[in-house]
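Presented below is the structure to which this report refers.
The values are calculated or read from the model by the stated rules, or taken from the named source; none is laboratory data. Here the structure is a predicted model, which is why all the values come from computation and not from measurement. Positions of Cβ are backbone-derived with ideal geometry, glycine not excepted, and every protein chain shown enters the neighbour counts. These area figures cover heavy atoms from the full protein model, side chains too; ligands, DNA and RNA do not enter into them. Shrake-Rupley method; radii C 1.70, N 1.55, O 1.52, S 1.80 Å.
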Amino acid sequence: GSSTFECVIDGSPIASCTSPASYPGLTEGSHTFSVRATDQYGNVDATPATYTWTVDTTAPIAPTISTPASDIYTSDTTPAVGGLAEPGSTVNVYEGVTLIGTAVADGSGVWSLSPDPTLSVGSHALVARSTDPAGNVSADSDTRTIVVDTSAPTVTLTAPVDGTEVQPETPITF
């Protein structure tokens, strides 16, 4: 047999409804929906199905990048990158349009990741963008510049010439 349904949204009066039920224009915040069935013989569902959810249309604030320090020179091609974002949001870190890492901000908003792929030698301008669980996307963070330099410095001695004889006070230049 077939059943009919009665629905309640946010404590409104019970009203006949069909599936799918739609409630456009719900405001931000928590909402509760209940539905009960009545069969063709008039038997009413004693335990309506209930669902509670939160409408969120507000973009999270832009995340911050606090590590590593700005304009840092490092030989690490996968330096830890981290900062703060809306708790529970997914943080994506980009170099230009290239995604180099993703992390989820913990309950305190702290996030951290290691770049993948590894950063090449040179300067890298990184920005972070977060997406909350409802799909709202933040603005970009401030740019954080990291310079990767994996070359060890070299020293060249210029005087005196190797193997020559000099006075004790002869300066050594390099």
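Of the residues in region 103-113, none is of a type in the set (D, E) and open to solvent by less than 60 Å² (accessible area, probe 1.4 Å).
A count restricted to region 151-174 and to residues that are within 26 Å of V81 (Cβ to Cβ) and either without any contact (Cβ under 8 Å) to a residue 24 or more places away in the chain or open to solvent by less than 80 Å² (accessible area, probe 1.4 Å) (or both) stands at 2. Restricted to region 62-95, and to residues there that are among the small types (G, A, S) and within 15 Å of G109 (Cβ to Cβ), the residue that is most open to solvent (accessible area, probe 1.4 Å) is S66. In the set (1) surrounded by 13 or more Cβ atoms within 10 Å (Cβ to Cβ); (2) free of Cβ contacts under 8 Å to residues at least 24 places away in the same chain; (3) of a type outside the set (S, T, Y), the condition left unmet by L126 is number (2).
Quick test for you: out of T47, T131, T98, T38, pick the one residue that is under 30 Å from I9 (Cβ atoms), exposed (fewer than 12 other Cβ atoms within 10 Å of the Cβ) and of a type in the set (S, T, N, Q). Testing whether each residue is under 30 Å from I9 (Cβ atoms), exposed (fewer than 12 other Cβ atoms within 10 Å of the Cβ) and of a type in the set (S, T, N, Q) leaves just T47.
Of all residues in region 1-29, those satisfying the criterion of being within 23 Å of T54 (Cβ to Cβ), open to solvent by 80 Å² or more (accessible area, probe 1.4 Å) and among the polar types (S, T, N, Q) are S19, S22, T27.
Table: residues versus (1) in a strand (DSSP E or B); (2) out of contact with any Cys (no Cβ under 9 Å at 6 or more places or on another chain); (3) over 23 Å from A134 (Cβ atoms).
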{"site": "S16", "(1), (2), (3)": "yes, no, yes"}
{"site": "S22", "(1), (2), (3)": "no, yes, no"}
{"site": "L26", "(1), (2), (3)": "no, yes, no"}
{"site": "S30", "(1), (2), (3)": "yes, yes, no"}
{"site": "F33", "(1), (2), (3)": "yes, no, no"}
{"site": "A37", "(1), (2), (3)": "yes, yes, yes"}
{"site": "Y41", "(1), (2), (3)": "no, yes, yes"}
{"site": "T50", "(1), (2), (3)": "yes, yes, no"}
{"site": "W53", "(1), (2), (3)": "yes, yes, no"}
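A single member of S108, S120, S70, S112 is in a loop (DSSP other than H, G, I, E, B) and in contact with a strand residue (DSSP E or B) (Cβ under 6 Å, 6 or more places away or on another chain), and it is S70.
Identify the single condition in (1) over 16 Å from D132 (Cβ atoms); (2) part of a strand (DSSP E or B) that N92 does not satisfy, given that it satisfies every other one. Of the numbered conditions (1) over 16 Å from D132 (Cβ atoms); (2) part of a strand (DSSP E or B), the odd one out for N92 is (1). Somewhere in region 138-145, is a residue among the polar types (S, T, N, Q), without any contact (Cβ under 8 Å) to a residue 24 or more places away in the chain and either part of a loop (DSSP other than H, G, I, E, B) or open to solvent by 60 Å² or more (accessible area, probe 1.4 Å) (or both)? Yes, region 138-145 contains at least one residue that is among the polar types (S, T, N, Q), without any contact (Cβ under 8 Å) to a residue 24 or more places away in the chain and either part of a loop (DSSP other than H, G, I, E, B) or open to solvent by 60 Å² or more (accessible area, probe 1.4 Å) (or both).
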